[in-house]
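Structure, as structure tokens:
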Amino acid sequence: MRAIVRHRYGPAEVFELRELERPVPRSGEVLVKVAAAGVDRGVWHLMTGLPYLVRPFIGLRRPRRAVLGLDCAGVVVEVGPGVHALRVGDEVFGEGIGTFAEYARARADRLVLRPPELAPAEAAVVAISAVTALQGLRDVGRIAAGQRVLVIGASGGVGSYAVQLAKLAGAEVTAVCGPAKAELVRGLGADTVLDHTRQDCTEGPAGYYDLILDLAGDHPLARLRRVLTPRGTLVLAGGEGGGRWFGGVARQLRATLTDPFVRRRLRGLMASTRQDDLLHLRELLTTGRLRVVLDRTFPLAEVPDAVRYLEEGKVRGKVAVLP
């Protein structure tokens, strides 16, 4: 099969198109012929090996896994031992293992059947970003109807889902993004859109927001706490800065350490793909209550260009790779 591989950390130039043996599904897994794969911010972190804090888990000097990619949609072509819910020929989407390839292994419990209403490229960009948005708002943020919610990084992969899910929950949504993407975010349902190049979302009225979902900011925790209600919740699921050692994780660590000593809830988010969440999202997508914002697609050989496009901050919503 053809696959995009890399054997060292670095910029997008480390990627190469190679011929590899098709993987063999293990117990509880299936083999998927990939129709499309999603590109998310996590790919950049795994590609560069940054921050260094993650290296003990992904390989200290060189990456343990040559083929990147998690989001996918495709067709089951082989079923591993212990799998009974999926069959050869099933069209699925969810999370795979090394999906920047023509074939990828995937845990059966992290896949669901793809409905005909979703094209493969659309389905392929749901799992990682939409699940992160859902778990950040519902499970960690405990969102409720009538709350005032601030989404920082609203035009990105997670943010484009978060704005919609917050509105579905009955919240009043303020979204932060760049000026070129304001109309997109407003079209997703945001009640108020703030231009981060001209407005600082932490300079608004004190104690205004019940929930802040920070996906792309670098605001100090004290500034974010100032605009939260006395019992409000801050969920950190991304961020910028922090240096090569800790990156955006630094703020999450500080939030965890600060949380026991303040009234406001300060939480970091580590999302995990679960089948029940994928089923919930599939229902929302098929009924039109949630939509995929797919910016563009790239052929498999152009994965480096797709990652550069993501790095440059040009993406509106998501991008996908087509083998």
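See the values below:
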{"item": "Contact order relative to length of the stretch 129-268, as percent, for alpha carbon pairs under 8 angstrom and 6 or more apart", "result": "20"}
{"item": "Helix-only CD estimate at 222 nm, as mean residue ellipticity for the chain, using -39500 (n - 2.57) per DSSP H run (n ≥ 4)", "result": "-6500 deg cm²/dmol"}
{"item": "Kirkwood hydrodynamic radius of the stretch 119-167, Cα pairs, Å", "result": "11.2"}
{"item": "³J(HN,Hα) computed for each position of the stretch 265-270 - Karplus, 6.51 cos²θ - 1.76 cosθ + 1.60, integer Hz, glycine/proline x", "result": "8, 10, 10, x, 10, 10"}
{"item": "At least 15 Å along the helix axis (C-alpha) and Kyte average at least -1.0, DSSP helices within the chain", "result": "157-168, 275-286"}
{"item": "Share antiparallel - DSSP beta bridges, the chain, percent rounded to 5", "result": "55"}
{"item": "Value of relative contact order over the stretch 9-70, rounded to a whole percent, pairs C-alpha under 8 Å and six or more apart", "result": "42"}
{"item": "Local electrostatic count at D71 - Lys and Arg +1, Asp and Glu -1, tallied over other residues with Cβ under 10 Å", "result": "-1"}
{"item": "Separation in nanometres of the label points that stand 7 Å from Cα toward Cβ, at S272 and E16", "result": "3.6"}
{"item": "28 Å tail of the calculated P(r), the stretch 12-143, as % of Cα pairs", "result": "20"}
{"item": "Beta bridge orientation in the stretch 129-268: antiparallel %, DSSP, nearest 5", "result": "0"}
{"item": "The chain - percent relative contact order, Cα under 8 Å, separation 6 or more", "result": "19"}
{"item": "Reachable lysines from K167, criterion Cα separation under 22 angstrom, eight or more residues apart if same chain", "result": "K181, K318"}
{"item": "The stretch 36-123: trypsin sites (Lys or Arg not before Pro) falling in loop per DSSP and having at most 13 other Cβ within 10 Å", "result": "R61, R64, R65, R87"}
{"item": "Candidates per trypsin sites (Lys or Arg not before Pro) in the stretch 224-323, loop by DSSP, up to 14 other Cβ within 10 Å", "result": "R263, R289, K314"}
{"item": "Proximal aspartates and glutamates to K33, defined as alpha-carbon separation beneath 18 angstrom and excluding residues fewer than eight positions away on the same chain", "result": "E19, E21, D71, E78, D90, E91, E95, E102, D109, E122"}
{"item": "Gain upon complete extension [T229, R62; 0.36 nm per residue less C-alpha separation]", "result": "55.6 nm"}
{"item": "For the stretch 129-268, alpha-carbon Rg and Dmax in angstrom", "result": "13.6, 39"}
{"item": "Two-decimal log10 I(q)/I(0) for the stretch 1-48, as the Debye equation yields it once each C-alpha is a single scatterer, q = 0.14, 0.17, 0.32 Å⁻¹", "result": "-0.47, -0.68, -1.14"}
{"item": "Residue order, fewest to most surrounding Cβ atoms within 10 angstrom, among T132, T297", "result": "T297, T132"}
{"item": "Bins of 20 Å from zero: percent of alpha-carbon pairs in the chain", "result": "33, 58, 9"}
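Laboratory data are not the source of any read-out in this text; all were calculated from the coordinates shown. Predicted model, so just to flag it, every value in this text is computed and none were measured. All Cβ positions, glycine included, derive from the backbone under ideal geometry; neighbour counts span all protein chains shown.
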